[in-house]
Amino acid sequence: MKTKLILAPVDFSTGSRAALEHAARLAVKLGAKLHVLHVIDSYALAMLADKRGEPFDSAAKHSMDHARRALDEWLGHSTLPAGYEVTLVIGAPVHEILEHVKSLGADLLVAGVAGAGGHAEGAGSVAGKLARKSSSDVLLVRTGHPQAFGKIVAALDFSEHSARVASAAFDLAAADSSAAEVDLLHVWADPGSMLPVMGPFGESGLSLAQTSVPPHEELLQSVNASLKTHAQAAPGTLKVLPVALEHRKAAEGIAGHARAVNADLLVIGSLGRTNLRYLFLGSTAEKLLSRTPCSMLVVKPAVA
């Protein structure tokens, strides 16, 4: 996980405090520079200025002065690495964060995550947009777990991107805690168990005689062999457990395993395809954004 610059957007909330402290710790562990960003919402500022009958430029100046003093005091309650930098801007928060990822060349975006719809699990709309749209890897930090990521679950789908997902989990675990453990998880389903049930006269229209499905044990052996191959890339001192979990719904299986082992961090990959609206994470990753029980690292494809 080659990380030279970590961007941590903050908004004075408890969630952003947790994200900032994780970002600061990882900056030291990974030898990266920390850049803190605070965005004053231009829409909210315009509404306030209008309510007060104050010109926008005047309200903006007062807001920037107040935010600078408040941010200096707020940051003083966290231990930050030497050489960190701070930027204050006025604009649309999500847009400004994403633009600063690009302009600063950030390798990792670390943001706090509030539960979707107010629920304890899942990422809220802002965190979800950052995970989809950021060109860098995105670490969504949930408040309330230990500072070090002691138990990490890396969800692999055996695509070409899986090696980078596993590598990110290994690097983070090795740097973050000497006692860290990584579960390499692949959720799979036996295709034979997914076939439609046939009536006595073949009402489903699918003939098992015409369908070639490898035996269950052969499929499981193949999954375990692939997991073992990925595990061999881990540092020798790191505890890695390959886990082949049979479940018809990948997102439910991944989230369920993360809960069962009390994971601190879930590492997943994105597909990396883009359109004019956002980056496609893939259906499994999209579902995990709404139900993740812990912090999540979304690993983006390597830039060619």
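The values are calculated or read from the model by the stated rules, or taken from the named source; none is laboratory data. Keep in mind that this is a model prediction, so the values were computed, not measured. Reconstructed Cβ throughout: ideal geometry from the backbone, glycine too, with neighbour counts over all protein chains shown.
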Note on A92: of the conditions (1) surrounded by fewer than 16 Cβ atoms within 10 Å (Cβ to Cβ); (2) among the hydrophobic types (A, V, I, L, M, F, W, C); (3) closer than 30 Å to A234 by Cβ, unmet is (3)
Just for region 221-240: of the residues that are within 21 Å of the chain's Cα centre (by Cα) and under 17 Å from G150 (Cα atoms), which one is surrounded by the most Cβ atoms within 10 Å (Cβ to Cβ)?
V240
Which of the residues belonging to region 113-134 are polar (S, T, N, Q) and either at pLDDT 90 or above or in the same structural domain as F12 (by TED's automatic domain parsing) (or both)?
S134
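Quick grid of which residues meet (1) in contact with a Ser or Thr (Cβ under 8 Å, 6 or more places away or on another chain); (2) surrounded by fewer than 17 Cβ atoms within 10 Å (Cβ to Cβ):
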site	(1), (2)
D50	no, yes
E73	no, yes
A82	no, yes
T87	no, yes
E96	no, no
H100	yes, no
Which ranges mark the strands (runs of 3 or more DSSP E) fully within region 1-97 that have 2 or more residues being without any contact (Cβ under 8 Å) to a residue 60 or more places away in the chain and in contact with a Leu (Cβ under 7 Å, 6 or more places away or on another chain)?
33-41, 85-91
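Residue-by-condition table, conditions (1) surrounded by 18 or more Cβ atoms within 10 Å (Cβ to Cβ); (2) of a type in the set (S, T, N, Q); (3) within 16 Å of L108 (Cβ to Cβ):
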site	(1), (2), (3)
T143	no, yes, no
Q147	no, yes, no
S159	no, yes, no
V165	yes, no, yes
L172	yes, no, yes
A179	no, no, no
